[in-house]
Amino acid sequence: MEHGEFYYRAGVCYYKIDRFDRAMPYLDKARRFFALDPMYVEKELQAEMIPATSYRKRANTRRRKRIF
């Protein structure tokens with residue numbers, strides 16, 4: 001799961017500096033890695049929620065509703 005953790009942290013870093021376009025691919029890769037192991041359900045959900053909040057910040061309600 002080291003790969004998933006790397007992608008997750010990189011995505012969060014990009015998210016924190018408002019580079020949502022860069023954060024999304026990393027968070028998507030992290031979510032796919034975390035989905036492989038049931039121990040990482042919480043991290044998988046976090047990797048899904050961050051893109052939804054970025055869509056909220058950018059007022060993209062159609063994509064946000066699809067995620068939620």
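The values are calculated or read from the model by the stated rules, or taken from the named source; none is laboratory data. Note that this is a predicted model, so its numbers are computed, not measured. We place every Cβ from the backbone using ideal geometry, glycine too, and count neighbours over all the protein chains shown.
Filtered by the rule that a residue be of a type in the set (Gly, Ala, Ser) and at pLDDT 90 or above, region 10-48 gives Ala10, Gly11, Ala23, Ala30, Ala35. Among the residues of region 19-47, just one is more than 18 Å from His3 (Cβ to Cβ) and in contact (Cβ under 8 Å) with a residue 12 or more places away in the chain, namely Phe20.
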